[in-house]
Amino acid sequence: MNEEQEIKLQGLLLKFDGLPIECDGMTRVVSMYLESEGIPHEIHIGRLSVTGIGTTPAHFWIAFPDGRICDLRARMWLQDSAAVPHGLFRPTEAQAYIQTAKMATMPYSETLFTILAWAPLEHFLQPTLAQQ
């Protein structure tokens, strides 16, 4: 992912974060966007263990070839704490992502994206007042 794509993704993640969906739906939404942009990634399924906080029994996240993770729902299951990862990041030693399966990436489907995200992708691509 180049720097321009990363900046664009960071902005979209803030917008996607407000969606009323859990980790499996969020991972699909983010994957469809990444596929539409031709950004390589994988969907991982497993558990997340954060030292001193706890472990999710099941979890979905996006993994990038360079080792970064995209996860917008860990805090939904563990707690809203700085120790629990959120957004686009490189996990620390205290944040163990334990992969047990992979899922195929999600080819962009306007219909499925709109169902999961409650709006078409174009809605999220519009600049916010802070970006104008």
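Using only Cα atoms, find the angle between the long axis of helix 3-16 and the longest principal axis of the chain, and express it within 0 to 90 degrees, rounded to the nearest 10.
80
Per-residue ellipticity at 222 nm for the chain, helices alone: DSSP H runs ≥ 4 residues times -39500 (n - 2.57), over residue total, nearest 500 deg cm²/dmol?
-10000 deg cm²/dmol
Output ³J(HN,Hα) for the stretch 107-120: one whole-Hz value per residue in order, computed from phi by the Karplus curve 6.51 cos²θ - 1.76 cosθ + 1.60 with θ = phi - 60°, and x for Gly and Pro.
For the stretch 107-120, the Karplus curve yields x, 5, 10, 4, 5, 5, 4, 5, 5, 6, 9, 6, 6, x Hz.
Percent of alpha carbon pairs in the stretch 6-91 separated by more than 17 Å?
The share of Cα pairs beyond 17 Å in the stretch 6-91 comes to 43 percent.
For Glu110 paired with Asp24, estimate the spin-label separation in nm (one decimal), with each label point 7 Å from Cα along the Cα-to-Cβ line.
2.7
Give me the angle, in degrees from 0 to 90, between the Cα long axis of helix 23-37 and the longest principal axis of the Cα atoms of the chain, rounded to the nearest 10.
50
Given the options Thr105, Thr56, Thr27, which has the most mean-square fluctuation in a GNM of the chain, springs set between C-alpha atoms less than 10 angstrom apart?
Thr56
Taken together, the values in this text are just the output of simple stated rules run on the coordinates, not laboratory data. These numbers come from a predicted model, not from an experiment. Ideal geometry is used to build each Cβ from the backbone, glycine not excepted, and the neighbour counts take in all protein chains shown.
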